[in-house]
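Just below is one structure, and these are the notes that go with it.
The values are calculated or read from the model by the stated rules, or taken from the named source; none is laboratory data. Since we're looking at a predicted model, the values are computed, not measured. Cβ: placed from backbone, ideal geometry, glycine included. Neighbour counts: every protein chain shown. Areas reflect the complete protein model, heavy atoms only, side chains present, ligands, DNA and RNA absent. Shrake-Rupley method; radii C 1.70, N 1.55, O 1.52, S 1.80 Å.
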Amino acid sequence: MDQRKFTCVLISDFNMDNFVPCLSLDDEFPLIAPVQPPFGQMQQVLIDPASECWSKTPDCAVVWSSPHAVSATYAHMLQFKSVDIEQILREVDDFSSLLLSAARRVRYLFVPALVLPSYVRGWGLLDMRDGIGTRNALMKMNLRLVENLKEAQNIFLLNTQLWIEAAGKNAFHTRLWYMAKIPFGNDVFKEAARDIKAALRSVSGYAKKIIILDLDDTLWGGVVGDAGWENIRLGGHDPVGEAFVDFQQALKSLTRKGVLLGIVSKNEEGTALEAIRQHGEMVLKPDDFAGWRINWQDKARNIVDLVEELNLGLDSVVYLDDNPAERDRVRNALPEVFVPELPENTLDYPAFLTSLRCFDLASFNQEDGQRSRMYREEKQRDELKKKMVSVEDWLKSLEIQVTVEELNEGNLPRTAQLLNKTNQMNLATRRMTEVELMDWVRDAQQRKSWVFYVSDKFGNSGLTGIASIDIDHDNADIADFVLSCRVLGRKVEDVMLKTVIDHCRPLGIRKITARYIPTSKNQPCLRFFESSAFKHAGNNLFVWEMTGKYPVPSYINVV
């Protein structure tokens, strides 16, 4: 993982001194270096692009305000004065404009939602009533923020109320406020720090991608090999059985967010799969799992084998197992894998799963929700591959089609997501926001970026490739060469290079270069260029002299 410190500007109308150590002293990834502008100058800092805190383009900023600082009219409402709700919302619009302006100076802007202290009862019984209630107005203020900021892809509104609820009675401290102008207790700041770190992991492409599960007493109650599938605890009029059904429902829900499921269990495979197929209360079926290793071998070894089969990295894995000894084994053998401590009481499993931050997403599209289906289709491709005499025959049988588009506003969200999440087949491993990527392309006439959609007779893999070039006189440099691991090795890589070459040929380009920037994960990209028709010029530089045509298999249909 990236070991650099992410710079984070902290902007607020209150004293954030107690928040700083929650961010800076926590050694959980990512490491954060907070930057504090002068206290009490929130509007000035947001307005002024020359403020020192913006000088080095920080990675992120947190703008944390109280509602009465956003709207003076709302402050009057808290005093039970008669006010115009529309005036409050106009003041929220003004605050939103400041946020949109500041977002141009930072990669990511996090805005905690507006909250009131729990001890402020407002109108009590009438406080949710439209036109009079302070909390009714507060909800409208937050919804207005959501509406105003929805088009800004690098601004994220955070749910402050969750931090308040987690802190409970320690959320607010009146004495801290009067003594140091700190409204919240440290428990709130700790929760905020955890969410901000989770957000940075998400936008940096480090969200977890797969949950690998044990079976006995993890996916259901009891040992299926001893009790038989008819007698495992799952559903029925049984608190434990109901909890396991809800746990499976929560796992199923995560697949709709694009999270994959896998199984690593010490069991007889036939017995375990029979339970999954036959039990009437089983929510998850074999098709819900991207793969499994059900045998009596070492679980750490099985996890490695399964992850390699799925072309994923170990740092994308969450492993859930009820057995503390097995958790300890995996944690020690595979430190990249996240192995959380499951609750001792199985009734707590569903709530525990839904509370995990490691699956937070910075964006979501239709392809993400289809990821499990895509991996099922990949299994079908692998089964066909085993029947073929040669890889070439297998590729011919797939009826591969590659559709090429230039980067545009419509495909930009998915393109930025692929650029930031892909680690293995990634030439330069550039990380860019949607705005940064589009600005890079538009910054010079001689820059171009294409995206590649891949489908075959088994299904559509969606937008899975990116190629970008930067032309300087008679030389073109490949700035980005990115391909999803789902379609690796199907000659799509060659189609991408041919697209670049065909674009450059009529422009009088004499040479195309691609410089491989090594990371701990992108060796597959190096291996591809070493085997490609590009000449290895040393020092991780690959060159194509504009002579002849780049070879692409005739069985690939390019649209």
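The table for this structure:
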read-out	value
Check on D474, closer than 27 Å to N408 by Cα, open to solvent by less than 30 Å² (accessible area, probe 1.4 Å) and either touching a Lys or Arg at 6+ places or on another chain (Cβ under 7 Å) or in contact (Cβ under 8 Å) with a residue 40 or more places away in the chain (or both)	no
From the options A75, A50, A102, residue that is of a type in the set (G, A, S) and open to solvent by less than 10 Å² (accessible area, probe 1.4 Å)	A102
Matching entry among V20, V45, V62, V9 (being within 13 Å of I196 (Cβ to Cβ) and in a helix (DSSP H, G or I))	V20
Contacts under 6 angstrom Cβ, first residue in region 250-275 being free of Cβ contacts under 8 Å to residues at least 60 places away in the same chain and in a helix (DSSP H, G or I), partner of a type outside the set (A, V, I, L, M, F, W, C) and open to solvent by 50 Å² or more (accessible area, probe 1.4 Å), 6 or more apart	T271/G225
Selection status of L310, free of Cβ contacts under 8 Å to residues at least 24 places away in the same chain, farther than 17 Å from T218 by Cβ and open to solvent by less than 70 Å² (accessible area, probe 1.4 Å)	no
Selection count where residues are of a type in the set (V, I, T) and surrounded by fewer than 16 Cβ atoms within 10 Å (Cβ to Cβ), scope region 477-489	0
Matching option when the condition is more than 24 Å from the chain's Cα centre (by Cα), free of Cβ contacts under 8 Å to residues at least 40 places away in the same chain and either under 23 Å from S202 (Cβ atoms) or open to solvent by less than 50 Å² (accessible area, probe 1.4 Å) (or both), among A467, A444	A444
Residue within region 519-540 that is assigned to a strand (DSSP E or B), among the polar types (S, T, N, Q) and surrounded by 12 or more Cβ atoms within 10 Å (Cβ to Cβ) present	no
Residues located in region 220-230, provided they are within 10 Å of H279 (Cβ to Cβ) and open to solvent by 40 Å² or more (accessible area, probe 1.4 Å)	W229, E230
Single residue of R175, R194, R135 found to be among the basic types (K, R), free of Cβ contacts under 8 Å to residues at least 12 places away in the same chain and either part of a helix (DSSP H, G or I) or surrounded by fewer than 19 Cβ atoms within 10 Å (Cβ to Cβ) (or both)	R175
Matching residues, region 436-451, being over 12 Å from D470 (Cβ atoms) and touching a helix residue (DSSP H, G or I) at 6+ places or on another chain (Cβ under 8 Å)	L437, M438, W450, V451
In region 490-518, the residues that are open to solvent by less than 60 Å² (accessible area, probe 1.4 Å) and either without any contact (Cβ under 8 Å) to a residue 12 or more places away in the chain or among the β-branched types (V, I, T) (or both)	V492, V495, T499, V500, I501, I509, I512, T513
Candidates R373, R414 - the one that is of a type in the set (K, R), over 25 Å from R527 (Cα atoms) and either modelled with pLDDT of 90 or more or touching a helix residue (DSSP H, G or I) at 6+ places or on another chain (Cβ under 8 Å) (or both)	R414
Inter-residue pairs, beta-carbon under 7 Å, first closer than 22 Å to V559 by Cα and polar (S, T, N, Q) and in region 398-425, second open to solvent by 50 Å² or more (accessible area, probe 1.4 Å) and not in a loop (DSSP other than H, G, I, E, B), 6+ apart	Q401/N557; T403/Y453; N411/E405
Residue within region 236-256 that is farther than 17 Å from L320 by Cβ, touching a helix residue (DSSP H, G or I) at 6+ places or on another chain (Cβ under 9 Å) and open to solvent by less than 10 Å² (accessible area, probe 1.4 Å) present	no
Every pair of residues 6+ apart whose Cβ atoms lie under 7 Å, when the first sits in region 360-379 and is open to solvent by 30 Å² or more (accessible area, probe 1.4 Å) and part of a loop (DSSP other than H, G, I, E, B) while the second is at pLDDT 70 or above and of a type in the set (S, T, Y)	D360/S202; L361/S202; A362/S202
Matching option when the condition is at pLDDT 90 or above, touching a strand residue (DSSP E or B) at 6+ places or on another chain (Cβ under 8 Å), farther than 20 Å from N460 by Cα and open to solvent by 30 Å² or more (accessible area, probe 1.4 Å), among F338, F352	F338
Given (1) surrounded by fewer than 17 Cβ atoms within 10 Å (Cβ to Cβ); (2) within 23 Å of A192 (Cα to Cα); (3) touching a residue at least 12 places away in the same chain (Cβ under 8 Å), number of the condition L25 does not satisfy	(3)
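Every residue, every condition in (1) polar (S, T, N, Q); (2) in contact with a strand residue (DSSP E or B) (Cβ under 8 Å, 6 or more places away or on another chain); (3) open to solvent by 40 Å² or more (accessible area, probe 1.4 Å); (4) in a loop (DSSP other than H, G, I, E, B), yes or no:
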{"residue": "I294", "(1), (2), (3), (4)": "no, yes, no, no"}
{"residue": "A300", "(1), (2), (3), (4)": "no, no, no, no"}
{"residue": "D328", "(1), (2), (3), (4)": "no, no, yes, no"}
{"residue": "P343", "(1), (2), (3), (4)": "no, no, no, yes"}
